[in-house]
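Every number in this text was worked out from the coordinates using simple rules, so none of it is lab data. A quick note: this is a predicted structure, and the numbers were derived from the prediction, not measured. Using ideal geometry, Cβ is built from the backbone for each residue, glycine included, and neighbour counts are taken over all protein chains shown.
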Amino acid sequence: MDFLYYMGDVFTPINFGLLLLGTIGGLILGATPGLSPTMTVALMIPFTFKLAPEQGLILLGAAYTSTVAGGAVSAILLKIPGAPANIATTLDGHTMAQKGEGAKALQISFIASAIGGLFGVFLLIFLTPVLATWALAFGPSELFWLAILGVTVIGTLDSSSVVKGLLSGCIGLWLATIGFDDIMGAQRFIFHSSVSGGINIIPALIGLFAIPQVIAMFAKGRSNVDAEIIVVQRHPIGAAFREVFSRKRALAIGTSVGSIIGLIPGVGGQIAGLVAYDQSKKMSPESGKFGTGHPEGVIAAESANNAMVGPSLVPLLTLSIPGSPTAAVLLGGLLIHGIFPGPSLFTQYPQVVWPFINSMLVGQILMCMFGLFIAGWAANVARVPRSVMAAVVLGLAVFGSYSVGHSMGDVYVMASLGLAMYFLERFGFSAAPLVLGLILGPIAEANFMQGAMIANATVGKMAYFFTGWLNWLLILIVVASIGYSIWMELRQRRYTTKEEASA
Amino acid sequence: MNDLPRTQHIFASGAIAAVGVSVAYISFTQEPADAFVFPRLIATVFAILAIWTFVKAVLGRTKVGQGLSGQDMRNLLPGLIVTLIYAFWAAKELGFYTATAIAFFILLTVYDPAPHTEAKTWVKRVLITAGFIAVMYGLFAMLLNVYTPREIFS
């Protein structure tokens with residue numbers, strides 16, 4: 001019950017102020033179509049430099065939680081999901097809004113989000129220390145395979161093409177090797193002075209997540225967001241609470257599916273929301289009502305995508321393996337404060353990690369409270385013209401990446417990676433595995449080299465890296481994730497070919 | 001897949017294959033060899049997957065990725081040029097705040113759907129630009145104490 005000991009730290013004036021700022025800001029930014037939670041958190045990192053580590057993490061954690069929930073506002077009122085995690089919410093949420101139940105849809109989405117989110121954070125609180133103790137058994141070979149697992153799982157499950165997902169992961173792993181080799185001190189792939197010290201992770205994250213969205217806004221040309229904002233009528237909050245608690249099945253399915261999916265590295269909120277929606281529909285006696293403005297659809301989708309947030313941080317805090325792109329950005333936030341997550345995190349930095357986790361718990365309640373009151377107003381953010389949004393994000397990206405090390409090289413790296421990523425995305429590549437490769441590359445290499453040294457002095461490389469049940473378990477998961485994704489891709493292709501033939 | 005994305009896919013995957021092969025070549029030829037053990041491992045997989053993708057693109061069997069339409073290119077080109085000049089030249093040579101103000105105003109003007117013939121819209125753009133620069137100055141210069149390159153007008 002260590003978390004209770006540090007609960008008071010959340011309520012110090014500065015920490016609570018930052019929590020409020022992150023929650024309200026996150027809700028507004030989350031409601032803005034085109035600003036994803038990952039991009040929002042990446043752009044906020046430079047503002048945490050001057051803060052103490054726990055304060056910076058509280059701000060980033062609050063922004064993460066509330067951008068995911070805030071995405072429901074535009075999903076319901078505009079039929080434009082604020083984030084990929086809110087896709088399933090549009091199915092019933094927008095129909096409810098069209099029927100004049102916009103306020104009710106928003107209220108039940110925030111209440112379900114908060115309940116799912118609270119469950120997810122409790123899972124984070126109770127699972128993380130247990131896994132951290134278990135993670136102490138990991139040696140260099142297991143940590144090497146775990147890093148490879150992080151890249152391959154996200155590369156295969158998060159991408160529409162297995163080969164392109166893995167290729168993105170390889171590009172990220174290669175980018176991580178640029179600079180000076182830690183052991184030999186040799187220069188590697190230094191083709192420009194900007195990368196002589198390696199690729200700085202924060203400018204890279206800002207570039208990879210923000211710039212493609214800026215260019216995508218440019219590609220839409222001189223046009224406004226072409227969506228009509230539905231006016232929200234008043235609805236009693238008490239009735240919304242009763243509605244949510246009377247739909248226990250949808251709430252339980254959403255919360256449990258979101259929590260389980262959150263624990264699997266690489267499987268994000270988008271999948272959590274859709275799987276929970278699908279399962280809830282299958283198990284409901286009123287399955288015919290789904291898609292026609294049924295509250296259960298909103299409850300299942302929203303409880304799932306917020307229940308996913310807490311568990312997605314479990315592999316990050318215990319094993320340094322970010323479970324999602326946003327968790328990877330949070331890892332960047334930890335690293336700039338000199339904190340390396342892993343098994344010893346809870347013993348070395350309890351004053352940082354527990355207030356951060358506790359703030360996510362309190363943040364869920366604040367998110368629900370503010371969400372209920374500012375949701376209708378936040379939808380107006382969608383009226384901000386795309387030209388303004390693109391120019392603001394570009395300006396923040398340039399200033400933010402420069403402020404990391406007061407170096408123009410970081411700006412060049414940010415812009416180059418961002419521009420390249422936009423074109424790569426147009427050809428089916430994905431930023432998530434590339435980012436995971438970039439972040440996990442140093443962990444994979446350090447453990448590979450350490451393991452190789454141990455292996456050379458003992459049993460040899462093959463025996464060292466390919467023996468032991470934990471090594472084999474990790475290798476099997478790597479192979480299984482690749483195999484499963486290939487199978488799914490082939491099945492999808494057969495289905496598409498059949499559809500094309502019948503059309 | 002029509003001809004335009006196919007050509008684009010060949011070009012894009014060809015560029016990635018060239019990078020993959022170059023990385024592999026450098027990894028296997030540079031010294032000291034011990035510093036390139038891990039890059040060799042990565043580069044091998046990188047090059048194989050990149051060549052695989054390139055071959056698939058040449059055979060017209062690429063299923064994923066829509067490429068870029070002519071309209072997309074025409075729309076994004078002005079913004080892309082402004083971004084390149086801003087990030088790679090103007091920010092350093094003109095100063096961050098000057099360059100940001102100019103780039104911000106140009107982007108607003110180019111992409112604003114409001115008509116360019118009305119004086120009111122120009123005033124609005126100037127005010128939004130000034131407001132944004134004031135916020136950036138407050139955040140980065142005053143709050144975070146970020147020292148940016150010297151402004152051309154200072």
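At a threshold of 8 angstrom on Cα-Cα distance, excluding pairs fewer than six apart, so keeping six or more, what relative contact order does the range A:347-503 reach in percent? Kindly include the intermediate steps, with their values, before the conclusion.
Values: 24 pairs, mean separation 9.5, N = 157.
It comes to 6 percent, rounded to a whole number.
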With +1 at each Lys and Arg Cβ and -1 at each Asp and Glu Cβ, the charge dipole magnitude of the range B:70-143 around its Cα centre, to the nearest 20 debye, comes out at 100 debye
Measure nothing fancy, just the Cα-based angle from helix B:96-111's long axis to the longest principal axis of chain B, in degrees from 0 to 90, nearest 10. 90 degrees
Counting sequence-distant residues (5 or more places) and residues on other chains, those with an amide H built under 5 Å from that of B:Leu68 are none
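What translational diffusion coefficient, to the nearest whole µm²/s, does the range B:1-107 have by Stokes-Einstein, given a Kirkwood radius computed over alpha-carbon pairs, a temperature of 10 °C and 1.306 mPa s viscosity?
Details: Rh = 16.9 Å.
Translational diffusion coefficient: 94 µm²/s.
Hey, what did chain A get for relative contact order, percent, Cα under 8 Å, at least 6 apart?
On the way: 984 pairs, mean separation 147.6, N = 503.
It comes to 29 percent, rounded to a whole number.
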Please get the size of the charge dipole for chain B, origin at its Cα centre, with Cβ charges of +1 on Lys and Arg and -1 on Asp and Glu, quoted in debye to the nearest 20. 360 debye
Set A:Lys104/B:Lys124; B:Lys92/B:Lys120; A:Lys248/A:Lys281 screened for pairs whose C-alpha atoms are more than 25 Å apart: A:Lys104/B:Lys124; B:Lys92/B:Lys120
Which angle from 0 to 90°, rounded to the nearest 10, does the C-alpha axis of helix A:201-219 make with the longest principal axis of chain A? 40 degrees
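Sort A:38-44, A:209-215 by the packing proxy (mean of other Cβ within 10 Å over each peptide's residues), most packed first. The partial results should precede the final answer.
On the way: A:38-44: 27.7, A:209-215: 25.4.
Most protected by this proxy first, the peptides run A:38-44, A:209-215.
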For residues of B:7-16, the mean tally of beta carbons on other chains within 10 Å: 3
Starting from the coordinates of the alpha-carbon atoms of the range B:70-143, obtain the Kirkwood hydrodynamic radius over all distinct pairs and give the value in Å to one decimal. 13.4 Å
Radius ratio Rg over Rh of the range A:359-457, counting only Cα atoms, Kirkwood formula for Rh: 1.15
On average, how many beta carbons from a partner chain sit within 10 Å of the beta carbon of a residue in B:114-121? 1
Under the Kirkwood approximation for Rh and a Cα-based Rg, what ratio Rg/Rh is obtained for the protein assembly as shown? 0.96
Cα principal axis extents for the range A:159-215, largest first, Å: 38, 26, 17
So what's the angle, to the nearest 10 degrees on a 0 to 90 scale, between helix A:87-96 and the longest Cα principal axis of chain A? 10 degrees
